[in-house]
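These notes concern the structure reproduced below.
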Amino acid sequence: MRATEILLVDDNPADTDLTSEVLARNGCPGHIHAVTDGVEAIAFLRREGKYANALLPDFVILDLNLPKKDGRTVLAEVKADPILRKIPIAIFSTSQEQKDIVRSYELGANCYVSKPGNLQAFISAVTSIGEFWFGLARLPREEER
């Protein structure tokens, strides 16, 4: 059985590093791949260019406020694609705006978690994401899609 493939899409290197570290420290059973903008995220998911040999992720953690192509657009494109739409996507964003939360769910997000402003709460939020998605939930694997 192969490891879970996780795509982390965030333009903040500190958030990316901390999220990856917390998931790994808490026994996340997978490989974490990180990209920094929406264009790269779509290229990774469609296995284009330098991502031609990438494994399709089993789970995506997506920030909304990204350069080049924002997370809302990435989410809409993924959920409109018959091959990619089954991949669960957790929105992990600093936005606590109700319109962003509602719109994310309308576009097909599987959950929405607001990024806390302080370190301890951030670690707790990432730990909770990991515990739920990699401990309780069942993820569709590429070979099952």
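By how many nm would the segment from K68 to C111 grow when fully extended, if each residue of separation counts as 0.36 nm and the alpha-carbon distance is taken off?
On the way: separation 43, 0.36 × 43 = 15.48 nm, distance 2.33 nm.
Extending this stretch completely gives an extra 13.2 nm.
Apply the Karplus parameterisation 6.51 cos²θ - 1.76 cosθ + 1.60, with θ equal to phi minus 60°, to every residue of the range 125-140 and state each ³J(HN,Hα) to the nearest whole Hz, in sequence, with x for glycine and proline.
5, 5, 4, 5, 4, x, 4, 6, 6, 10, x, 9, 6, 9, 9, x
Find, among the GluC sites (Glu not before Pro) in the range 72-145, those assigned to loop by DSSP (not H, G, I, E, B) with at most 15 other beta-carbon atoms within 10 angstrom.
Answer by residue number: E97.
If I ignore ligands, DNA and RNA and count only protein heavy atoms, how much of Y112 is accessible to a 1.4 Å probe, in Å² to the nearest 10?
About 30 Å², rounded to the nearest 10.
Within straight cross-link reach of K68, meaning Cα distance under 18 Å, which lysines are found once same-chain residues fewer than 8 apart are removed?
K50
Computed from the coordinates I sent, Rg and Dmax of the Cα atoms in Å equals one of [x] 16.4, 54; [y] 14.2, 43; [z] 14.0, 40. Tell me the label.
[z]
Using the Karplus curve 6.51 cos²θ - 1.76 cosθ + 1.60 with θ = phi - 60°, work out ³J(HN,Hα) for each residue of the range 11-16 in order, rounded to whole Hz, and write x for Gly and Pro.
8, 9, x, 5, 5, 4
Which lysines have a Cα less than 18 Å from the Cα of K79, not counting those fewer than 8 places away in the same chain?
K69
The values are calculated or read from the model by the stated rules, or taken from the named source; none is laboratory data. Computed from a predicted model, the values in this text were never measured in an experiment. Please note: Cβ atoms are built from the backbone with ideal geometry, for glycine as well, and neighbour counts cover all protein chains shown. Just so you know, the surface numbers come from the protein's heavy atoms only, side chains and all, with ligands and any DNA or RNA stripped out. Shrake-Rupley method; radii C 1.70, N 1.55, O 1.52, S 1.80 Å.
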